[in-house]
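Have a look at the structure below before the remarks.
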Amino acid sequence: VYYRLKDSKTGTILVPFDKLYDSTRLSTDGDGMYIEFRTAGLPRNRQITVDLLVIDRGMERIIKMPEIDFRVV
């Protein structure tokens, strides 16, 4: 599973899925999957949302997560 970050209002992709270097691949631990990233390069005062790219047996599916949104202040 990979994540990307998008501007909620414009749909502009701020951080794309990265399957080449796995920089946007979700991490896992005993409690499940999680995302950890730095916000320093993200635009301030804009609503940002998360989409997931699930790859299962070679099939790719994008899941939009509108309930996960945040703003960098």
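A few points about this structure:
- Scanning the stretch 57-73 for residues that are more than 15 Å from the chain's Cα centre (by Cα) and either part of a loop (DSSP other than H, G, I, E, B) or surrounded by 13 or more Cβ atoms within 10 Å (Cβ to Cβ) (or both) yields Arg57, Gly58, Val73.
- Residue count for the stretch 1-56 under the criterion of being touching a residue at least 40 places away in the same chain (Cβ under 8 Å) and either part of a strand (DSSP E or B) or open to solvent by 80 Å² or more (accessible area, probe 1.4 Å) (or both): the result is 15.
The values are calculated or read from the model by the stated rules, or taken from the named source; none is laboratory data. The shown structure was predicted, so the numbers you read here are calculated from the model rather than taken from an experiment. Every residue, glycine among them, receives a Cβ derived from its backbone with ideal geometry; neighbour counts consider all protein chains shown. For accessibility, only protein heavy atoms count, side chains too; no ligands or nucleic acids. Shrake-Rupley method; radii C 1.70, N 1.55, O 1.52, S 1.80 Å.
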